[in-house]
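Colleague: I am attaching a structure below and will ask some questions about it afterwards.
The values are calculated or read from the model by the stated rules, or taken from the named source; none is laboratory data. As the structure is a computational prediction, the values presented were derived from the model and not from experiment. Cβ placement follows ideal geometry from the backbone for every residue including glycine, while neighbour counts extend to all protein chains displayed. Only protein heavy atoms, including side chains, enter the accessible area calculation; ligands, DNA and RNA are left aside. Shrake-Rupley method; radii C 1.70, N 1.55, O 1.52, S 1.80 Å.
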Amino acid sequence: MINVRNATKSYDGTLVVDDVTLGLKRNGLTSIIGPNGAGKSTLLSMIARLVNMDDGKITVDGVDIATADSLELAKRLAVLRQDNHITARLTVRDLVAFGRYPHSKGRTNENDLEHVNRALAYLGLTDLSGRFLDQLSGGQRQRAFVAMTLCQDTDYMLFDEPLNNLDIHHAVSMMKLFRQAARDFGKTVVVVIHDINFASCYSDHIIAMKDGKVAEQGSPDQIIDAGILTDIYNTSFQVQNINGQMIATYYGI
């Protein structure tokens, strides 16, 4: 379980994450939604120890991330940020293999290769595995980075806007993959996402943030509510139950 207690972060005097306390239980897919500037990505980065907290404490299965050994933490928790810039000319297979570093420290063995091949197949990248990253489309490159994260084989996987550069088909496939990984393999997947309906259709739990705070959290049926969404986004919403899923539509006030 990931426990966040009183997490706070400011930039240049502006409070970005404001005394957030929450628990992320093991297993399942959690989506973090909210408007721009709500603190979603900063909170995720603090959980991944990519950004230092000004105050508070975060633990992963009881381990304090502030004092945990980096390699040991990387065996428990994997993260994919929005801004993935690699200047080295790598093949897709080379990139995905980096996910095994916490386990093998660069000395790839047969078990590592099995994980690499499985991740490539999972993301439909086997035929592209010999391509260089700069030869891929934006969507293909994004899938390669997700494959690297999956290859790390951690209990907790954090993704910051992983649907960027993906068309509808691949975005749906990605969310299905996250849900399958959570349900079939006991993974805990946390996704920062802008598309409310993707969050509604594929999540087990939704956290809605506004102004650096957790405004609401609960199941999709609880959070995908016209009143809640209107308050969070300052935009009028209508919500309909379509084939058992809560689907939101919006229009300007």
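Colleague: Residues in the range 195-214: is at least one more than 15 Å from Leu29 (Cα to Cα), touching a Lys or Arg at 6+ places or on another chain (Cβ under 9 Å) and modelled with pLDDT of 95 or more?
Modeller: Yes.
Colleague: Mind checking whether some residue in the range 180-190 is modelled with pLDDT of 90 or more and open to solvent by 30 Å² or more (accessible area, probe 1.4 Å)?
Modeller: no
Colleague: Among the residues in the range 169-177, are any touching a Lys or Arg at 6+ places or on another chain (Cβ under 7 Å) and either closer than 16 Å to Leu24 by Cβ or open to solvent by less than 50 Å² (accessible area, probe 1.4 Å) (or both)?
Modeller: No, the conditions are met nowhere in the range 169-177.
Colleague: Report yes if Ala119 is in a helix (DSSP H, G or I), of a type in the set (Gly, Ala, Ser) and more than 30 Å from Phe237 (Cβ to Cβ), otherwise no.
Modeller: yes
Colleague: Let me ask something additional. Just the residues that are hydrophobic (A, V, I, L, M, F, W, C) and part of a helix (DSSP H, G or I), please, taken from the range 11-46.
Modeller: Across the range 11-46, the qualifying residues are Leu43, Leu44, Met46.
Colleague: Ok, one more. Please indicate, with yes or no, whether at least one residue in the range 38-45 is surrounded by 15 or more Cβ atoms within 10 Å (Cβ to Cβ) and touching a helix residue (DSSP H, G or I) at 6+ places or on another chain (Cβ under 9 Å).
Modeller: Yes, there is a match, as at least one residue in the range 38-45 is surrounded by 15 or more Cβ atoms within 10 Å (Cβ to Cβ) and touching a helix residue (DSSP H, G or I) at 6+ places or on another chain (Cβ under 9 Å).
Colleague: Collect the residues in the range 107-136 that are of a type in the set (Ser, Thr, Tyr) and open to solvent by 50 Å² or more (accessible area, probe 1.4 Å), keeping them in residue-number order.
Modeller: Residues satisfying the conditions are Thr108, Tyr122, Thr126.
Colleague: Still on this structure: Could you please find all residues in the range 231-251 being surrounded by 12 or more Cβ atoms within 10 Å (Cβ to Cβ), more than 21 Å from Val214 (Cα to Cα) and of a type outside the set (A, V, I, L, M)?
Modeller: Selection gives Gln238, Gln245, Thr249, Tyr250.
Colleague: Kindly evaluate Arg81 against the criterion of being open to solvent by 30 Å² or more (accessible area, probe 1.4 Å), under 14 Å from Ala144 (Cα atoms) and either at pLDDT 95 or above or of a type in the set (S, T, N, Q) (or both).
Modeller: The answer is no for Arg81.
Colleague: While we're on this one: So if I check each of Ile196, Ile206, which one is under 15 Å from Pro35 (Cβ atoms), in contact with a Pro (Cβ under 9 Å, 6 or more places away or on another chain), open to solvent by less than 40 Å² (accessible area, probe 1.4 Å) and of a type outside the set (Asp, Glu)?
Modeller: Only one candidate qualifies: Ile206.
Colleague: Cβ contacts < 8 Å: first residue of a type in the set (Lys, Arg), restricted to the range 98-123; second residue surrounded by fewer than 17 Cβ atoms within 10 Å (Cβ to Cβ) and not in a loop (DSSP other than H, G, I, E, B), any location; separation 6+ or different chain. Result?
Modeller: Cβ pairs passing all conditions: Lys105/Leu71.
Colleague: Tally the residues that are under 20 Å from Lys105 (Cα atoms), among the small types (Gly, Ala, Ser) and touching a residue at least 24 places away in the same chain (Cβ under 8 Å), restricting the search to the range 49-76.
Modeller: Of the residues in the range 49-76, 1 are under 20 Å from Lys105 (Cα atoms), among the small types (Gly, Ala, Ser) and touching a residue at least 24 places away in the same chain (Cβ under 8 Å).
Colleague: Of everything in the range 61-78, what is closer than 22 Å to Val116 by Cβ, surrounded by 12 or more Cβ atoms within 10 Å (Cβ to Cβ), out of contact with any Lys or Arg (no Cβ under 7 Å at 6 or more places or on another chain) and not charged (D, E, K, R)? Give them in sequence order.
Modeller: Correct list: Ala74, Leu77, Ala78.
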